[in-house]
Structures are given as C-alpha cells and as structure tokens.
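Student: What follows is a structure written as structure tokens; I'll ask about it next.
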Number of protein chains: 2
Amino acid sequence: MATSFAEENYLKIIYRLSESTLEDISTNAVAELTQTKAASVTDMLRKLAEKGWVNYQKYQGVRLTDEGEKIALSVVRKHRLWEVFLVDKMGFNWDEVHEIAEQLEHIESEALINKLDEFLDFPKTDPHGDPIPNKEGILPELSYMHLSDLKENKACVLMGVAKDSAVFLQLLTRLHLSLGAKLMVKEINPFDRSISVSINDSEPVFISHEVAKNILIKIV
Amino acid sequence: MATSFAEENYLKIIYRLSESTLEDISTNAVAELTQTKAASVTDMLRKLAEKGWVNYQKYQGVRLTDEGEKIALSVVRKHRLWEVFLVDKMGFNWDEVHEIAEQLEHIESEALINKLDEFLDFPKTDPHGDPIPNKEGILPELSYMHLSDLKENKACVLMGVAKDSAVFLQLLTRLHLSLGAKLMVKEINPFDRSISVSINDSEPVFISHEVAKNILIKIV
DNA sequence: AATATTTTTTAGTCAAGACTAAAAATTTAT
DNA sequence: ATAAATTTTTAGTCTTGACTAAAAAATATT
C-alpha cells in the first residue's frame, strides 16, 4: 500500500519516540514533533490504525505494528543515508543537513536508495552517529554510553549525539567536539554536574551536564 | 512566495510546452502532460495567474510571465542536474531516471542544488542532451539539428534526443545510439523516409524517420 | 451562415490533512 | 473521594488539488 508524505512522517516520529521508551506514545508527544495540533494527530492515528500500521486505542496512546515499523525503518534508512550523502559528498556541516534530509527521505525509489547506500560504502551510522538500518531493516548494534555517565580519567571516543538540533551541534562544533574525537573527563563538579573534558589531549574545557548527557561515547 | 509541488509541476509543463512553440499553450495540452483533466487545469491556471506566474485569459490559453519562467527554469535545472547525478554517479541508464528526477526536482534547497552542480562538474546538458540552466537561469546555447534533416555522407555526433520516453530511449540503446556516438547517414529511402545510418563506423543499420526526427546532432 | 464538433469553463463534490472550540476522559491534587 | 487540571477526542470548518457533468465559447464543416 502506498504511503503519503504525511503518513510517513507520522510513522517516523512514532518510531523515534518509541526508541527511547517502552510505553505507548501519547498524542501530545506526536503533535509536538509533527508540529501539528493534538486534534490533527488523533485523526491521523485513526487512519494509520485502519491501515494496520499502528495499534491505537482511544486515550491509550499509540505504538507501531510490525508493518508500521517496517515502513518507519525504511524512512529512517533513507533519512540517514541522505544525511551521509549531504555531509560526505556535498560538503555540508552536520548541523545543516536535517531539513534537507526531511525532504529527501520521502523520495520513492528502492533502486536509488540501494545504489546510494553502495555509493556511500554502506555506512553504519549517519553524521550524528545514529545507526542506519540496512536493506532488510536491520539496525546495526551500537551500544554507546553517555559522556555524563563516564568516570574521570577514562579515555573514550565520541561516537554520536543523542540530539541533533542545529544549535546543539553548532555548540559542539565550536568546542571541537566532532565524531571520532578522543575524550577524557578530567573533573566532575558536584555542584552542577558540569564536567571538564580534554579533547584530543588538549587543555580541558568545561561543558554542562546537559551537553555531556547528549554526547554518546565508546570506551577505548 | 512559496511554490507547492503541484504549482511547480504546472509551471514546468507550461515551460516545456512553450519551448516548442511561440503560441499560447492550451488547457488541453497542459492537462495531457500533467495527467489531469481540463477542468482541473482551468482551476490551477486561475490560481497561477493570481500569483503572477502566468498570463491567462479565459479560452485564450496560457503563457509564463518572467517570474513564472524563473520558477520553471529552477525546476528544470534541478530536474536535469539530478538526472546527471542519477546516471553519472548512481549508475542508472538514461531511460530509468525520469520518474525519480520528477520527485527530486521538488527538493527545496538552493545550497544543495548548487553544491550538486559543482559535484557534477557544472554539466551543460543532462543525459538526454537537454541544456541545464545555470544558477542565474541562463540556458547554454545549443543549436542542434535533427538527424532527419541531415544529408547523406556527412559526419555528425549524437548530441541529444528530442523525446525522452523510456521506450524510445531503450530502442536507441539497443541500436547503440548513445550520446557522443559518431553517425553518418548512408542512404535516405524516399518511400518512407527511413534512413540507413552507420554508427561509430560500423555496418549501417535502418532507422525510421520517426526515430531520426528525434535524434539531435551536431555536424563535425 | 447555420450547424456540428471540439475545447474550455462553471458548478458542485470529494479526499487529505490541517485547524479551532467544545466535550469527554484521564490524571493529579486536595 | 472529589475537585481541579490536563490530555485527548469529537464536531465542524478550511484549503489544496483533484474529479464529473453540464454549460458556454470557439472552431470546423457543410
């Protein structure tokens, strides 16, 4: 069954919200991310349920069916592959690609997306470190920690971010925090949980807990 | 002013029709290419006229204003650049790219299309030999002849096609008629105006007048 | 010039996807 | 346990871009 632009967006957003919780997703949460009103969401959820893409009971929230998740994963795959294209091939910065990828993710061509995947050398993650589902919709296993959970003096590598708003990414860029950077937490301030962190063995800089929480790392 | 998907399509199609005639474009002609009904076209033409993108008088047909042409040219530019991308970088054949480019042409990002242009090395023509407008909307001058108008025993090079339906392009491919091929007309049959033409100095093959008419060439 | 044919427009509908305002259900607080 | 606050749904409306059927205008034919 064909999926419209709007339907794909809803499924993608329900998927994103499901990533960080096991609970059913609330109408309001969806409304916020789709930039629509709760009433519009209710309408759409009924339609999606009718098509068998979500399980939805009035007032109970929503969750994707297997079929709905499959569609969502294909949209996510397209979004993330296009982001890699935009950064690696077109020379955009990681904070500039989201809006364009929001458009490109709806291009309908299985052949194109698979050729693009190959052209980009089958990347496992997008420019923010988010995993890219393969052709079959399987996500690569990436188990990252949050920088805010790391002990002092342990070496680690920046593998991704848990948030991809442009302002956040621009801040990271200004601090020279980019994918692959070597990090070591030098001190943790109990007062506000801010930390001082050395980036690629340079003089440590201060970052807030809020920032550290959204940096994903792998211990080396 | 923002342009919708549908509006861009109408403007593009009016532009395409205007390329081959100086007359105003009829409602029916537009309906055929947009795959809609004449009544729907009438509706849209009124809206486009209101926005100042076309000059339209009931029963008199339509023509683009300068502003409308500017929008159409930017859509055509995007369409043709994406076609180059699909063939040169993604490895599609020239008969496979039209539908995908129909989608990609509506992606809205000035920055992206200019980076793409650069990435592709500022191509002057798309995979069918159609000229690509530059950033300013200026078309490169390409004055090609139709193969059907060429005398016998004059050498020429295949520079483009005047029609890009998949079946036509597939026929050309089967005959080894691709962009850049060296051609020489060996005989012209007065009976049906079919011609026999040698391709890259090989044994001549027969092609119909209809095919020859849609092959664009440059004399060498 | 009158009639027939074709083309175009008008009028009235429809579906998708959004909205607001009000009602109903759920959750939180007293 | 009830009242208050919040969330969600319903009901009704709007815009976009399509449709069909009928009317009107333009063009072609005799």
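The values are calculated or read from the model by the stated rules, or taken from the named source; none is laboratory data. Small disclaimer: the values here were computed from a predicted structure and weren't measured. As a convention, Cβ positions derive from the backbone with ideal geometry for all residues, glycine included, and neighbour counts pool all protein chains shown. Side chains are part of the model used for accessible areas, which takes the heavy atoms of the whole protein and leaves out ligands, DNA and RNA. Shrake-Rupley method; radii C 1.70, N 1.55, O 1.52, S 1.80 Å.
Student: Taking into account only those residues within segment B:29-50 that are of a type in the set (Lys, Arg) and near DNA strand D (Cβ under 10 Å from one of its atoms), which is surrounded by the most Cβ atoms within 10 Å (Cβ to Cβ)?
Tutor: For segment B:29-50, the residue satisfying everything is B:LYS47.
Student: Take A:ASP66 and tell me if it is within 12 Å of DNA strand D (Cβ to nearest atom) and surrounded by fewer than 19 Cβ atoms within 10 Å (Cβ to Cβ).
Tutor: It is false that A:ASP66 is within 12 Å of DNA strand D (Cβ to nearest atom) and surrounded by fewer than 19 Cβ atoms within 10 Å (Cβ to Cβ).
Student: Mind counting the residues in segment B:66-83 that are within 14 Å of another protein chain (Cβ to nearest Cβ) and more than 13 Å from the chain's Cα centre (by Cα)?
Tutor: 1
Student: Does B:ASP95 satisfy being under 21 Å from the mean Cα position of the chain (by Cα) and either outside the structural domain of B:PHE168 (by TED's automatic domain parsing) or within 11 Å of DNA strand D (Cβ to nearest atom) (or both)? Step through it out loud before you land on a result.
Tutor: Details: under 21 Å from the mean Cα position of the chain (by Cα): yes; either outside the structural domain of B:PHE168 (by TED's automatic domain parsing) or within 11 Å of DNA strand D (Cβ to nearest atom) (or both): yes.
Spelling it out, B:ASP95 is indeed under 21 Å from the mean Cα position of the chain (by Cα) and either outside the structural domain of B:PHE168 (by TED's automatic domain parsing) or within 11 Å of DNA strand D (Cβ to nearest atom) (or both).
Student: May I ask you to list pairs of residues, at least six apart or on different chains, whose Cβ atoms are under 6 Å apart, with the first in segment A:44-62 being assigned to a loop (DSSP other than H, G, I, E, B) and the second being crowded, with 20+ Cβ neighbours inside 10 Å and of a type outside the set (Phe, Trp, Tyr)?
Tutor: Once the first residue is assigned to a loop (DSSP other than H, G, I, E, B) and sits in segment A:44-62, its partners that are crowded, with 20+ Cβ neighbours inside 10 Å and of a type outside the set (Phe, Trp, Tyr) give A:TRP53/A:GLY68.
Student: Still on this structure: Within segment A:123-134, is there a residue that is more than 16 Å from DNA strand C (Cβ to nearest atom), in contact with a Gly (Cβ under 8 Å, 6 or more places away or on another chain), more than 14 Å from every other protein chain (Cβ to nearest Cβ) and among the basic types (Lys, Arg)?
Tutor: no
Student: Inspect segment A:17-29 for any residue being β-branched (Val, Ile, Thr), near DNA strand C (Cβ under 7 Å from one of its atoms) and outside any helix (DSSP H, G or I) and give the result as yes or no. Break it down stepwise before answering.
Tutor: Restricting attention to segment A:17-29, the residues satisfying the condition of being β-branched (Val, Ile, Thr) are A:21, A:25, A:27.
Add one more test, that the residue is near DNA strand C (Cβ under 7 Å from one of its atoms), and what stays is none.
Looking for residues that are β-branched (Val, Ile, Thr), near DNA strand C (Cβ under 7 Å from one of its atoms) and outside any helix (DSSP H, G or I), one finds none in segment A:17-29, hence no.
Student: In segment B:86-133, which residues are in contact (Cβ under 8 Å) with a residue 24 or more places away in the chain and loosely packed, with under 15 Cβ neighbours inside 10 Å?
Tutor: Listed by number, the residues that qualify are B:ASP88, B:ASN93.
Student: One residue is enough: does segment B:140-160 have a residue meeting the conditions touching a residue at least 40 places away in the same chain (Cβ under 8 Å), out of contact with any Lys or Arg (no Cβ under 9 Å at 6 or more places or on another chain) and open to solvent by 90 Å² or more (accessible area, probe 1.4 Å)?
Tutor: Yes, the conditions are met somewhere in segment B:140-160.
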